[in-house]
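Beneath this line is the structure, given in structure tokens, with notes to follow.
The values are calculated or read from the model by the stated rules, or taken from the named source; none is laboratory data. On a predicted model such as this, the values are computed, not experimentally measured, just so you know. Neighbour counts are summed over all protein chains in view; Cβ atoms, including those assigned to glycine, are modelled from backbone coordinates with ideal geometry.
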Amino acid sequence: MNDNRVAITAVGLVSPLGMDSATSWENLKASRTGIGHFPRENLPSTYQYLGQVNDPCDVPDDISRQLTSQIRFLNRGSLLGLSAARQAFLSSGLGDTTIPPDRRTLYIGSGDFTNVGYEFMYPAMKAAADSHWQQVDQARLNQAAIDLVNPFFLLESLSNNLFSFLSAYLQFMGSGTSLAAQSPGGSNAVELAYRSIKQGRADIALAVGCGNWNSDVPLYEMRGLGLLSECRQGADSYRPLSKTRDGFIPGEGGAALLLESLESARSRGAEILGLVGGVGNTLSPDPENGLGFSLDAYRAAFNSALDESGRQPADLGFVIAHGSGTRKGDGTELEALETLLGGSTTSPGIAALKAQTGHMAAASDVAEIIFGLMSLGESMVPGTHNFNGTENKYSHLPISASPQTFSHRNFVSMSIGVGGQVSSVAVEAP
């Protein structure tokens with residue numbers, strides 16, 4: 001590691017709140033929700049409310065002929081990530097850069113399950129099965145699979161397709177990688193991008209988080225794990241950190257950050273949106289429930305980011321909590337925040353921001369850092385949407401449904417994944 005300060009000089013965001021960061025931010029501030037009702041006959045309300053991007057995310061018109069054959073393999077989540085990454089790069093002012101491709105690095109966190117189902121096999125199965133779906137004619141199935149099934153179905157399901165495409169499209173040919181880490185994937189991508197600048201392995205680094213949790217199989221799986229809200233209050237059912245919480249509402253999105261050394265950003269006259277001060281990443285499952293995370297993991301990730309940034313909890317303006325909205329997950333997070341921040345009137349504010357977008361998988365990590373940057377710019381962090389008070393023992397924590405002001409111009413954003421992974425990123429104003 002060296003003494004380079006790492007600057008954030010561009011962002012890109014596609015979310016259920018808007019097709020760019022400015023629109024998404026304005027809708028977040030105005031307490032609008034991107035969660036909509038999508039009726040599905042004979043299915044409970046759990047499956048009828050989603051955070052959905054209201055745009056097809058068309059393919060950019062500047063794709064080279066050599067890459068047009070590859071873009072067909074990008075699934076829904078990858079297209080959202082492509083749009084966000086393109087926004088960040090175009091707004092960075094690096095379009096005519098002389099930085100060689102091998103000094104540009106790319107890290108992508110994908111929490112995408114778009115093609116995890118087997119819908120592609122349905123036409124062939126229907127053609128080969130009897131009217132009662134009890135018997136299958138094997139010869140007919142073989143022929144129907146040749147005639148009716150997309151031969152590229154396996155390629156379309158690979159999570160690193162976007163990495164391959166973006167590397168070529170934007171000429172980011174340094175030592176990057178593609179990650180699949182459920183919720184913390186975006187935060188992990190930011191960590192790796194940050195370290196590539198700190199260690200002098202790259203001059204610019206693009207961190208992308210993208211995902212789509214709105215397809216059938218992940219919906220059924222997440223409900224089976226007890227993670228989804230029953231949506232008894234419709235689009236307002238996602239209530240992170242509230243005592244009435246009962247799970248989250250899934251969503252989709254793409255978000256990106258462009259990082260470079262502070263010295264480089266200043267020398268080229270780039271707008272500096274913020275500085276990444278430190279990161280933390282731990283893995284320790286809840287000893288009583290392997291799906292959850294331990295208090296020690298949360299504290300370690302939080303303190304690691306603060307230690308690296310040279311800060312104390314009292315120095316923070318606010319904390320962006322993960323806020324999964326589950327009974328156990330939010331309960332553990334609230335307990336951890338109480339021990340980390342204390343109950344004084346000078347404690348940093350706490351906000352959970354997923355209730356207006358839905359949980360966008362790895363995209364939420366990066367999107368919340370972008371929202372945090374914009375909060376720093378306006379000295380105000382939005383309120384926690386649908387918050388109606390938490391358990392009595394945590395009622396002293398500074399969580400509010402209304403916007404909160406702060407005096408310290410920095411924050412920590414937290415991310416938690418199934419199985420005990422906890423990730424954190426500390427950011428400060430330039």
* Structure fact -> When segment 417-430 is checked residue by residue, the ones that are at pLDDT below 95 and part of a strand (DSSP E or B) are Gly417, Gln421
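Sort through Pro382, Pro403 and tell me the only one that's in contact with a Leu (Cβ under 8 Å, 6 or more places away or on another chain) and either assigned by TED's automatic domain parsing to the domain that holds Gly317 or of a type outside the set (Val, Ile, Thr) (or both).
Step by step, each of Pro382, Pro403 is checked, and only Pro382 is in contact with a Leu (Cβ under 8 Å, 6 or more places away or on another chain) and either assigned by TED's automatic domain parsing to the domain that holds Gly317 or of a type outside the set (Val, Ile, Thr) (or both).
Taking the criterion of being within 30 Å of Ala265 (Cβ to Cβ), crowded, with 17+ Cβ neighbours inside 10 Å and in contact with a Leu (Cβ under 9 Å, 6 or more places away or on another chain), would at least one residue in segment 32-43 satisfy it?
There is no residue in segment 32-43 that is within 30 Å of Ala265 (Cβ to Cβ), crowded, with 17+ Cβ neighbours inside 10 Å and in contact with a Leu (Cβ under 9 Å, 6 or more places away or on another chain).
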* To do: Answer yes or no as to whether Ile63 is assigned to a strand (DSSP E or B), surrounded by 12 or more Cβ atoms within 10 Å (Cβ to Cβ) and β-branched (Val, Ile, Thr).
  => no
* Go through the residues of segment 16-33 one by one and say whether even a single one is touching a strand residue (DSSP E or B) at 6+ places or on another chain (Cβ under 7 Å), under 28 Å from Ala205 (Cα atoms), at pLDDT below 95 and not charged (D, E, K, R). => no
* Would you mention how many residues in segment 267-296 are outside any loop (DSSP other than H, G, I, E, B), of a type in the set (A, V, I, L, M, F, W, C) and at pLDDT 95 or above? => 3
* **Any chance Val208 is of a type in the set (A, V, I, L, M, F, W, C) and either at positive phi or assigned to a strand (DSSP E or B) (or both)** => yes
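Being more than 21 Å from Thr33 (Cα to Cα) and either touching a residue at least 60 places away in the same chain (Cβ under 8 Å) or buried (at least 23 other Cβ atoms within 10 Å of the Cβ) (or both), is that true of even one residue in segment 231-253?
Looking through segment 231-253, none of the residues is more than 21 Å from Thr33 (Cα to Cα) and either touching a residue at least 60 places away in the same chain (Cβ under 8 Å) or buried (at least 23 other Cβ atoms within 10 Å of the Cβ) (or both).
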* Considering each of Ala270, Ala297 in turn, give the residue that is crowded, with 22+ Cβ neighbours inside 10 Å and either in the same structural domain as Val319 (by TED's automatic domain parsing) or free of Cβ contacts under 8 Å to residues at least 12 places away in the same chain (or both). => Ala297
